[in-house]
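Novice: Encoded as structure tokens, here's the structure I'll be asking about.
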Amino acid sequence: MSISKNTLIFLIIVIPLLFLQALWIFIDAKKRGEKYYWAWGLFGLLNIPSSLIIYLFVTRYGHFKCPNCGKTVKNDYKFCPYCGASLKKTCPKCGTEIKEDWTYCPECSTKLK
């Protein structure tokens, strides 16, 4: 039984790429604090590059980096779970979430700037 040239190319190129992709996804998911980082790593073994693209879309949507410690946190968090820094600007009087360009709080009319 002889191995064809195409099969040999597949074994030499594609298989190591699959393992490298799975390893990178596993390490990145664990670093980002994903609950099922090991499952993401296994998912990376399925195909190239679809698994990587899906992983990047799913894990990057709805997250940003904490300005204080640099860890990745969800968009809806008000405080960083790692360092405790405030992630959203709030009114000093009533605590309502406010935007940077607002001059007055929409809830209590406190002057913000």
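Novice: How far is helix 15-31 tilted, in degrees, relative to the longest principal axis of the Cα atoms in the chain, given as a value from 0 to 90 rounded to the nearest 10?
Specialist: Tilt relative to the chain: about 20 degrees.
Novice: If the label point is 7 Å along Cα→Cβ of residue 77, which residues in the stretch 46-66 have backbone nitrogen under 17 Å from it?
Specialist: The answer is 59-66, whose backbone nitrogens lie closer than 17 Å to the label point.
Novice: Here is a follow-up. Gain in length, residue 7 to residue 102, computed as 0.36 nm per residue apart minus the alpha-carbon separation, to one decimal in nm?
Specialist: Contour length minus Cα-Cα distance gives 27.9 nm.
Novice: While we're looking at this one, here's another question. ³J(HN,Hα) across the stretch 49-55 via Karplus (A = 6.51, B = -1.76, C = 1.60, θ = phi - 60°), whole Hz, x for Gly/Pro?
Specialist: Ordered by residue, 3J(HN,Hα) equals x, 4, 4, 5, 4, 4, 4 Hz.
Novice: Express in whole angstrom the spacing between the alpha-carbon centres of the stretch 40-63 and the stretch 1-22.
Specialist: About 21 Å separates the Cα centre of the stretch 40-63 from the one of the stretch 1-22.
Novice: Please give the charge dipole size of the chain, origin at the Cα centre, charges +1 on K and R Cβ atoms and -1 on D and E Cβ atoms. Round to the nearest 20 debye. It would help to have the intermediate numbers written out before the result.
Specialist: Details: 16 positive and 7 negative charges, 62 e Å.
Charge dipole of the chain: 300 debye, to the nearest 20.
Novice: Is the shape of the chain best called rounded, prolate or oblate, per the rule: a/c under 1.5 gives rounded, else a/b larger than b/c gives prolate, else oblate, with a ≥ b ≥ c the square roots of the Cα gyration tensor eigenvalues?
Specialist: Values: a/c = 5.30, a/b = 3.79, b/c = 1.40.
Prolate is the answer for the chain, as a/c is 1.5 or above and a/b outweighs b/c.
Novice: Could I ask something else about it? In terms of modelled amide H atoms, which long-range or inter-chain residues lie less than 5 Å from the amide H of residue 104?
Specialist: Here the answer is 112, since their amide H atoms fall under 5 Å of that of residue 104.
Novice: Now for a separate question. Which of the listed residues, 41, 53, 85, is farthest toward the dipole's positive end in the chain, when Lys, Arg count +1 and Asp, Glu count -1 at the beta-carbon?
Specialist: 85
Novice: Considering only DSSP states other than H, G, I, E and B, which trypsin sites (Lys or Arg not before Pro) in the stretch 1-66 qualify as loop sites with at most 12 other Cβ atoms within 10 Å?
Specialist: 35
No value in this document is a laboratory result; all are computed from the given coordinates. Predicted model only: the values in this text are computed from it and were never measured. So basically every Cβ, Gly included, is an ideal-geometry build from the backbone, and we count neighbours across all protein chains shown.
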